[in-house]
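One structure below.
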Amino acid sequence: MIKKFTKSLVGLAMCLLIVLPMLAFSLTAQAATTGWGGADSGGTEADVTNAIGLGTADPRAMAAKIINVAMGFLGIIAVVIILIGGFKWMTAGGGEDKVEEATKMIKAGAIGLIIVLASFAIAKMIISTLLTATTT
């Protein structure tokens, strides 16, 4: 029951992380125009760009920044999993089942951290290669 609730809560959080920024950007862009509806609600490109706060940076560089932030966030999550596993191990009190659960968490966190670091290295290599190949 708790696992099902946790999965539902994680799914809801993921949906909110995707939907809320899109909603915020659309409302900001709409507020920047001359009206909230009707024929004059289009606005110009400059109005929308200024209201949203998006710059004129290279999309490849923006993608690289987004990937760096995402990989950093995933790395933090992996380290937290390792720390939680270590805490469970320290508080196991000699119970073999609790120690086994803690070691599984530590192994899973370490594998996750290796995957995140490897994917970060691959993404960094691909992005730098693309930037070098497409710039003059």
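The values are calculated or read from the model by the stated rules, or taken from the named source; none is laboratory data. Computed from a predicted model, the values in this text were never measured in an experiment. Reconstructed Cβ throughout: ideal geometry from the backbone, glycine too, with neighbour counts over all protein chains shown. These accessible areas exclude ligands, DNA and RNA; they are computed on the full protein's heavy atoms, side chains included. Shrake-Rupley method; radii C 1.70, N 1.55, O 1.52, S 1.80 Å.
Taking every Cα atom in segment 45-136, find the radius of gyration and the maximum pairwise distance Dmax, and write them in Å.
So, for segment 45-136, Rg and Dmax equal 20.3, 65 Å respectively.
What number comes out for the charge environment of Thr134, summing +1 per Lys or Arg and -1 per Asp or Glu over other residues with Cβ under 15 Å away?
0
Is there a quick way to get the dipole size of segment 52-136? I mean about its Cα centre, with the Cβ of Lys and Arg at +1 and of Asp and Glu at -1; what is the value in debye to the nearest 20?
Here segment 52-136 has a charge dipole of around 240 debye.
Determine how large the accessible area of Thr56 is when every protein chain is in place; take a 1.4 Å probe and give Å² rounded to the nearest 10.
140
Which order do Lys124, Lys65 take when ranked by solvent-accessible area (1.4 Å probe, heavy atoms of all protein chains), largest first?
Per-residue accessible area, sorted high to low, gives Lys65, Lys124.
Please list, or write none, the lysines whose alpha carbon is within less than 20 Å of the alpha carbon of Lys98, excluding same-chain residues fewer than 8 places away.
List returned: Lys3, Lys88, Lys107.
Counting Lys +1, Arg +1, Asp -1, Glu -1, what net charge surrounds Ile82 among other residues with beta carbon under 12 Å of its beta carbon? Don't skip to the end; give the middle numbers.
Numbers: positive: Lys88, Lys104, Lys107; negative: none.
Neighbourhood net charge equals +3.
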